[in-house]
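Following: one structure in structure tokens, then a few remarks.
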Amino acid sequence: MDLMADEAAKEVTDRKSRAKVLLLKGVIVTALIGMLTGGVVLWDDIMLHMKGFVSTDLGGVFFILANVSGAVGLFSLIWRVVLTLMYKSEAPCSDDELPTITIVVPAYNEGSQVLKTLRSIAASDYPAAKMQLIAVDDGSKDDTWLWMKRASRELGERLDLRRLDRNSGKRRALYEGFMNSTGEILVTIDSDSEIAPDTLRHLITPFVREAQVGSVAGNVRVLNAHRGMIPKMMDVSFTFSFDFIRASQSQVNTVLTTPGALSAYRDSVVRPDLEGWLNQTFCGRPANIGEDRALTNLVLKAGYFVRFARKAVVYTEVPLGYKGLCRMLLRWARSNVRESLVMGRFVFTNFRKGGKLGGRINFLLQVFAMTVGEVLKISAVCTLVAYPLIMGGNFLVGAAMGGTVPALFYLLRHRNSNCLWGFPYCLFWVLTLSWISLYALVTPHRSSWLTRGLTEEHKAVAEQPDPWTVSVAASARTGLR
């Protein structure tokens, strides 16, 4: 009876959850229709005011920047659409063709999620005899190490556990795994992520098909998309970033960033430079962030291709709150600034055999966004303050239109109405997140990880002498790196 009651309660909760999602989607659609309809009805008045606005000095500057940015954006969109349409996933290799691999999973204050991560890797259809799995506890202060030992009891000799005496950063934890690896290909998977059974096979296939492939980026989706508005919006953003942006970059053999959640590197390419990578500095300080982008640059500089594997899917957790999301995006943005400077030193040299133009275009588009794009943001804010009535409505309509491409692409890829979250995300980004890249541009020297914390609840569990006799629920994660 208790079981039946629990199932009934769960069904009621699920129905309420579905009703809330439908209501939110209804609100999104209504708001979009309202904004677009208002824009059409008031079009003549808007154009009349815009003509007067453009005739001013401030308006003239904004108009020029907006048109230049629009032209570059249109070129970028068309170019990437063409390349993405050309992208095709490779047929996966057979067991006999697959090389040996070493998977390194760095973990810090991860709690019980690390066990799920390791289980998902062990459940892979990759030949067990060709797969070495190393998990490194980066001096966690919670019970992460205890969950890792539980994984060891389950997986036996398949899992190699290592523990750093103190928290030294993700880069150091990865280095520990790399230095103890035996595989021809090094795979990195974040400890807050889970992979599909065929993910590793698809991830490794490009290395087998072409000897010049030095690194492959996995396809990142959101693991906790069911837990709130931010994860739902981020799932649309991730789909656009990976299935569209990285797929297009892959066609010119120059994916700019291989994600920490899932990436693979040819050991013979990265091993000679691992010491330099570990001890990398920026402005005289240790580079404690951006280890994935730094590895990507290392591979590109060595003259090798960096590809994207669409069917190598990994599901990763994203922050549930605004503050956590800002910290994650700020860390990524600072890394982007740093490694763009690094890439600028070699991308216009004869850095590899074969085509280089596509890689250079990718680089220039990123630099344009980091420079002219940021100036345009400042101009837009100044213009909005000076002419709120003229520009306020334009920004709202523009934000709605800006969400069209990610939303449409998500719909084409996944065939469901979750695509609608692309519209509020675009507005959410404009109003609350657009400051991040500008702030990162003036603070790239800061290297704090920002997003991994430890609550008193974590500490209480970590101090228990025998964690398996107490509730392990208290070990739930509280943040993301």
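The values are calculated or read from the model by the stated rules, or taken from the named source; none is laboratory data. Computed from a predicted model, the values in this text were never measured in an experiment. As a convention, Cβ positions derive from the backbone with ideal geometry for all residues, glycine included, and neighbour counts pool all protein chains shown. SASA here: full protein model, heavy atoms, side chains in, ligands and nucleic acids out. Shrake-Rupley method; radii C 1.70, N 1.55, O 1.52, S 1.80 Å.
Here are the numbers for the structure shown:
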| read-out | value |
| --- | --- |
| Beta bridges per DSSP with both ends in region 216-340, % antiparallel, nearest 5 | 35 |
| Which of 143, 267, 125 is most accessible, then next, and so on - probe 1.4 Å | 125, 267, 143 |
| Stokes-Einstein diffusion coefficient of region 269-409, Kirkwood radius over Cα pairs, 4 °C, 1.567 mPa s, in µm²/s | 70 |
| For region 107-151, accessible area per residue (1.4 Å probe, heavy atoms of protein chains only), Å² | 27 |
| Average accessible area per residue (Å²) across region 164-232 - probe 1.4 Å, nucleic acids and ligands excluded | 34 |
| Residue 281-residue 349 pseudo-label distance in nm [points 7 Å out on the Cα-to-Cβ vector] | 2.1 |
| Rounded FRET efficiency, nearest 0.05, which uses the C-beta distance separating residue 64 from residue 385 and R0 of 22 Å | 0.70 |
| Normalised alpha carbon radius of gyration of region 308-367 [divisor 2.2 N^0.38 Å] | 1.51 |
| Residue order for 152, 263 - accessible surface, 1.4 angstrom probe, largest first | 152, 263 |
| Accessible surface of region 260-320 [probe 1.4 Å, protein heavy atoms]: carbon and sulfur percent | 49 |
| Lys/Arg +1, Asp/Glu -1 at C-beta; region 147-245 dipole; positive extreme among 211, 197, 178 | 178 |
| Range of Cα positions in region 108-210 per principal axis (Å), largest first | 42, 25, 22 |
| Globularity index of region 92-168, i.e. its alpha-carbon radius of gyration over 2.2 N^0.38 Å | 1.16 |
| Radius 9 Å from Cβ of residue 342, net charge of other residues (Lys, Arg +1; Asp, Glu -1) | +3 |
| For region 284-425: relative contact order, % (alpha-carbon pairs under 8 angstrom, 6 or more apart) | 19 |
| Whole-percent carbon and sulfur share, accessible surface of region 63-126, 1.4 Å | 67 |
| Highest-first arrangement of 354-362, 420-428, 187-195, where packing means the average Cβ count within 10 Å | 187-195, 420-428, 354-362 |
| Ranked by how many other beta carbons lie within 10 Å on average, peptides 247-260, 373-386 from highest | 247-260, 373-386 |
| Potential lengthening between residue 372 and residue 417 on full extension [0.36 nm per residue; Cα-Cα distance subtracted] | 12.8 nm |
| About the Cα centre, charge dipole magnitude for region 233-352 (Lys/Arg +1, Asp/Glu -1 at Cβ), debye | 200 |
| Residues of region 300-351: accessible area per residue with a 1.4 Å probe, Å² | 41 |
| Coil-residue GluC sites (Glu not before Pro) of region 79-110, DSSP, other Cβ within 10 Å capped at 14 | 97 |
| Environment charge of residue 201, counting only residues whose C-beta is closer than 12 Å and scoring Lys/Arg +1, Asp/Glu -1 | -3 |
| Accessible surface of residue 86 - all protein chains present, 1.4 Å probe, nearest 10 Å² | 110 |
| Region 161-281, relative contact order in percent, only Cα pairs under 8 angstrom and at least six apart counted | 37 |
| Two-site FRET efficiency, residue 129 against residue 273, from Cβ-Cβ distance with R₀ of 25 Å, rounded to 0.05 | 0.30 |
